[in-house]
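Here's the structure, in structure tokens; my notes come after.
The values are calculated or read from the model by the stated rules, or taken from the named source; none is laboratory data. In this text the structure is predicted, and so the values were computed from the model without any measurement. Cβ coordinates were reconstructed from backbone atoms using ideal geometry, including for glycine residues, and neighbour counts include every protein chain displayed. Surface areas here come from the heavy atoms of the whole protein model, side chains and all, with no ligands, DNA or RNA. Shrake-Rupley method; radii C 1.70, N 1.55, O 1.52, S 1.80 Å.
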Amino acid sequence: MLDHDYLPDNISLEKFQEILDRYNSLIESISSTKSAKPGQKTLAELDQFRYYDAVALFHSEKTKHPMRLDDVKILVDWKLRHGKFRPTLMKLVSSNDDAVVESIIQEAIEEYRANSDVAKALDKITKLKGIGPATASLLLSVHDPSRVIFFSDEAFYWICCGGQKSPIKYNAKEYAELSSAAQALVKRLGVDATDVEKVAYVLMKEGAPETTSVGGKTASTSEVKSEQSDLLIKRAKRKTISNSVDNTDSDPIPLTERFAKIKRNIIAGHEKAVADSWYRLLSQLRKEADRIAAVGSDIIPTIDYFDIHDAAKVAAFRDAVQRRGVAIVRKVVPSNVALSWMEETQEYLRHNPPTKGFPKRDPQLYEMFWGPGQVRARADSRILEVQRFAMNLWHSSNETALVSSNHPVTYADRIRIRKPGDTSLAAGPHVDNGSVERWEPDGYGRAGTYAKIFHGLWEEYDPWDSSTRLGVTSDLYNGAGSCSMFRMFQGWLSLSSIAPGSGSLHLCPMLQLTTAYLLLRPFFSPRFKSGPNFLHENNWNLHVAQNSVIQGAVPGCIQELSEALHPHLRLDKTMVPIPRVEPGDYVLWHPDAVHAVDRAHQGLADASVLYVPACPLTQTNALYLARQRKAFLLGHPAPDFESGAKAERDHLGRPGVQDVNDAGGEEGLRSMGLLPWDEKKVAAGGGVMAAVERELLRQANGILFPDRFDLGYRRGAKRL
């Protein structure tokens with residue numbers, strides 16, 4: 001029987017943490033004594049999937065992909081190897097249809113995220129064959145590990161049976177008892193439900209720790225061991241009641257040890273400069289956050305389409321955009337034209353009901369790329385003109401870099417028609433275009449994009465230098481939602497009136513500062529994790545020995561931000577909604593800008609947007625354009641979105657080459673890779689820039705039209 005001090009109602013946070021620290025070594029010990037069969041994962045590998053990989057895949061509301069049968073089978077395998085083996089369970093679970101599994105679990109999770117009703121979610125999931133309340137709780141737990149406890153034998157014995165083994169019926173009533181008691185413990189200690197599972201497992205497998213004497217004081221054997229080795233084990237989170245900072249989110253997921261080495265190498269030889277720059281950065285962030293909080297949405301730079309040739313207005317607009325990283329260009333197309341594109345899109349969807357979208361039961365983000373409204377908008381001369389205008393805010397520090405903002409190319413993305421009341425398309429603060437890649441030497445490190453920041457010179461970092469983006473690999477892990485093109489701007493073209501709170505966009509308008517902070521945050525930690533001086537510069541120190549944590553970053557996922565992990569950004573104050581947009585307005589934001597989407601659409605009408613980024617001509621973009629052109633001609637999904645969705649090949653009314661020509665003429669055709677560029681029409685005046693642009697057009701023509709243009713260098717020609 002367990003000692004009184006280790007029962008759930010009595011255990012202290014210190015003792016709880018002491019037991020939690022023993023979990024990893026216990027799993028390693030069990031895993032080493034129970035070797036896996038050939039082709040099987042070890043218990044340690046399964047445990048990694050259950051508590052880290054699966055959480056990374058499914059914990060966010062913007063999951064990498066819906067849970068599928070293969071994911072369920074891995075979790076069931078973990079359950080059988082971690083606890084009591086039941087020989088028929090895996091066979092029963094495997095007999096489920098993959099599509100049915102995905103549909104039922106997704107429906108249950110969507111309902112759970114809407115109302116937080118665990119019982120209803122479990123009731124839906126248990127409709128699957130072989131899935132009872134215990135296994136259902138496991139599947140739900142990886143979607144919300146902080147609140148939902150897995151119905152394990154050990155957890156039930158410890159929490160509901162006073163630490164003694166007792167018969168379990170594994171029904172919904174018993175799980176409700178377990179869940180209620182676990183939540184009381186979670187709230188009392190400020191820990192996660194998964195931490196409670198682990199502590200219960202250790203106590204029921206090994207019992208409470210023995211004690212010994214260390215320096216005249218009583219200490220557990222595990223405390224003695226912790227003095228002898230530096231274990232990188234995730235700590236239970238502590239919830240504090242404070243007026244300073246909401247610091248209650250879960251700790252970040254530790255990555256593999258390789259990332260600790262990457263972090264050390266990035267700042268090697270620049271440690272003092274980086275530390276000094278961090279303190280300058282915190283000071284500037286405090287001032288800028290106060291300014292944004294005072295000004296609100298009015299800080300977003302806005303210009304009318306008819307003013308983009310007015311030198312005085314453009315100068316002020318340019319300065320504001322380069323500082324804020326976001327822009328709105330009003331009335332790019334007349335509202336009646338934008339509305340007609342929306343009507344064409346809806347007609348196209350009506351005639352082609354098989355078109356898939358998310359969420360499945362009520363699609364609002366459509367896996368559709370070649371609708372009439374989409375194709376017309378991308379080829380429209382006014383859209384292309386604004387893209388050129390915006391992309392010329394960029395420049396290149398390397399005058400021979402092969403990039404041209406004068407020749408926009410199309411990146412085919414989807415369309416969103418968000419309905420009033422929707423919460424499924426919510427997205428918290430995040431940055432696209434990779435996550436851990438920003439620190440990886442083979443990611444953004446290949447181009448030295450952020451070298452100034454990592455050398456302690458963030459004030460000299462230029463977010464608008466295109467030459468430092470050309471060698472970047474932003475997707476080392478084949479992540480969902482990755483973009484293979486270099487986008488100078490991500491963009492929305494509004495097809496409806498969208499007010500703040502009605503499915504609109506939020507941005508953090510301090511581009512240079514947020515980028516520097518995001519990149520430097522993993523190198524620093526607070527001395528005290530709460531209190532009125534939590535954010536003060538004196539409370540933050542550079543890690544002497546870097547750990548493997550990169551806050552909000554997981555391989556294969558987008559870069560997420562939160563008030564807990566990135567407290568100095570004060571996201572509750574600095575994430576401002578964009579002003580109301582009307583049909584035909586074009587919203588553009590820098591690829592490093594922190595942005596989010598309204599949690600709920602509280603308006604009365606659909607909030608409809610086309611995703612239309614602004615992409616320059618580069619060699620890499622030309623290569624992608626060749627693949628995308630083929631997808632357009634065949635009616636296949638755009639290359640970055642090949643996910644098994646039914647193609648538009650047989651859709652009625654799907655546009656073709658003539659429709660692109662009718663919408664945008666030669667310029668529209670070139671943006672789609674359907675017509676070669678004319679090298680002779682490069683701006684006159686000679687010089688290196690003109691020569692570089694001609695060379696880029698020659699190479700792009702060779703990539704897209706190899707039968708008509710020679711990509712090889714002419715004999716004696718000078719290479720740039």
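Of note:
- Selected from Val326, Gly448, Gln387, residue furthest toward positive end of dipole (the chain; charges at beta carbon): Gly448
- For region 687-706 versus region 5-34, the inter-centroid distance based on Cα atoms is 63 Å.
- Evaluating 6.51 cos²θ - 1.76 cosθ + 1.60 at θ = phi - 60° for every residue in region 6-19, the Karplus couplings come out as 10, 7, x, 6, 10, 4, 8, 4, 4, 5, 4, 5, 4, 5 Hz, glycine and proline recorded as x.
- Burial order of peptide ranges 78-84, 184-190, 155-161 (average beta-carbon count within 10 Å, highest first): 155-161, 78-84, 184-190
- Heavy atoms of Thr355 accessible to a 1.4 Å probe, total area in Å² rounded to 10: 20
- Rounded to the nearest 20 debye, dipole of the chain from Cβ charges on Lys, Arg, Asp, Glu: 780
- Helical runs assigned H by DSSP (4 residues or longer) give the chain a calculated mean residue ellipticity at 222 nm of -12000 deg cm²/dmol, each run adding -39500 (n - 2.57) before division by the residue total.
- DSSP-loop GluC sites (Glu not before Pro) across region 555-663, with at most 13 other Cβ within 10 angstrom: Glu642
- For the set His309, His590, the ranking by accessible area, highest first and with no ligand, DNA or RNA atoms included, is His309, His590 under a 1.4 Å probe.
- Look at the dipole of the chain built from charges on Cβ: of Asn115, Phe16, Pro38, the Cα furthest out on the positive end belongs to Pro38.
- Residues with amide H under 5 Å from that of Gly357, placed H, sequence gap 5 or more: Glu367
- Taking amide H positions as modeled 1.01 Å from N, with prolines and chain starts lacking one, the residues under 5 Å from Gln559 and 5 or more places away or on another chain are Val431, Gly434.
- Neighbour-limited loop hits for chymotrypsin sites (Phe, Trp or Tyr not before Pro), region 515-584 (at most 13 other Cβ within 10 Å; DSSP other than H, G, I, E, B): Phe528
- The heavy atoms of Lys419 present about 70 square angstrom of accessible area, all protein chains included, probe 1.4 Å.
- Annotation for region 329-362 versus region 486-507: alpha-carbon center distance of 15 Å.
- When the listed pairs Lys129/Lys165; Lys79/Lys360; Lys272/Lys313; Lys120/Lys419; Lys91/Lys360 are checked against a 32 Å cut-off, the alpha-carbon distance exceeds it for Lys272/Lys313.
- Gyration tensor (alpha-carbon) shape descriptor, region 1-157, a/c threshold 1.5: oblate
- Expressed as a whole percent, the accessible area of the chain that falls on carbon and sulfur atoms is 50 (1.4 Å probe).
- Solvent exposure of region 284-422, expressed per residue, is 42 Å² of accessible area, with all protein chains present and a 1.4 angstrom probe.
- Heavy-atom accessible area per residue - region 1-131, 1.4 Å, Å²: 50
- Cut-off 15 Å between beta-carbons: net charge of the residues surrounding Phe156, Lys and Arg +1, Asp and Glu -1: +2
- Contact order relative to length of the chain, as percent, for alpha carbon pairs under 8 angstrom and 6 or more apart: 16
- ³J(HN,Hα) computed for each position of region 656-673 - Karplus, 6.51 cos²θ - 1.76 cosθ + 1.60, integer Hz, glycine/proline x: x, 4, 4, 5, 5, 4, 5, 7, x, x, 5, 5, x, 5, 5, 5, 9, x
- Heavy-atom accessible area per residue - region 492-612, 1.4 Å, Å²: 31
- Shape category assigned to region 39-101 from the gyration tensor of Cα positions, a/c cut at 1.5: oblate
- Along principal axes, Cα extents of region 292-431, largest first, whole Å: 48, 38, 32
- Met689, Met204, ranked by accessible area, largest first (probe 1.4 Å): Met689, Met204
- Residue-wise HN-Hα coupling along region 260-266, computed from phi with Karplus coefficients 6.51, -1.76, 1.60 (Hz; x: Gly, Pro): 5, 5, 4, 4, 4, 5, 4
- Long-range HN-HN contacts of Asn541 with modeled amide H, under 5 Å: Ser525, Arg527
- Heavy-atom accessible surface of Glu206, to the nearest 10 Å², is about 100 Å², with a 1.4 Å probe and all protein chains retained.
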